[in-house]
Amino acid sequence: MVQRIGIGLIREEEKNLTGYALRRLAEINYIKIYGINDPQSPGFAFKGGVISFSLGNKIAHNVAKILRKKEESEYVRVPING
C-alpha cells in the first residue's frame, strides 16, 4: 500500500495534518505544547506527526478518556507513567 501511494505523499499529508493540529491547539489558551509547535519554523520539516501537550494540572489518563469519546480522536495515547 505504501509503495502504491508513495511515501512522499504520505509524508506530505502527515505534515499538513500535523500543522493543522498545531494551529488549532494553539488557539486554546490552557494547552501547553511541548517541542516544535510552529509549522512555520525551520525545525518543522523534521517533525513527525506526534504532538505532546498538557492541559494545566489535568491528569493525562483523564484527558485521554475525554478525547477518545470524540470520533476524530481515536489515536490518543498517554505515557505509561502519565
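Extension gain for the segment Arg77 to Ile10, taken as residue separation times 0.36 nm less the Cα-Cα distance, is 22.0 nm to one decimal. Using C-alpha pairs below 8 Å separated by at least 6 residues, the relative contact order for the chain is 22 percent.
For the pair Arg23 and Leu67 in one chain, pulling the backbone fully straight at 0.36 nm per residue adds 14.1 nm over the alpha carbon distance. Relative to the longest principal axis of the Cα atoms of the chain, helix 7-26 runs at roughly 30 degrees. Which lysines does Lys15 reach when only Cα atoms under 23 Å apart count, and residues fewer than 8 places away in its own chain are ignored? Partners within reach: Lys32, Lys47, Lys70.
Measuring from a point 7 Å past the Cα of Ala60 along Cα-to-C-beta, which residues in the stretch 16-45 have an amide N at less than 16 Å? Residues 32-35 qualify, since their backbone N sits under 16 Å from the label point.
At the listed q of 0.11, 0.16, 0.18 Å⁻¹, the Debye profile of the chain, built from one uniform point per Cα, gives log10 I(q)/I(0) equal to -0.35, -0.72, -0.88.
Electrostatic tally near Gly8: other residues with Cβ closer than 13 Å to its Cβ, Lys and Arg +1, Asp and Glu -1, net 0.
Every number in this text was worked out from the coordinates using simple rules, so none of it is lab data. Just so you know, these numbers come straight off a predicted model, no measurement behind them. Virtual Cβ from ideal backbone geometry, glycine too; neighbours counted across all protein chains shown.
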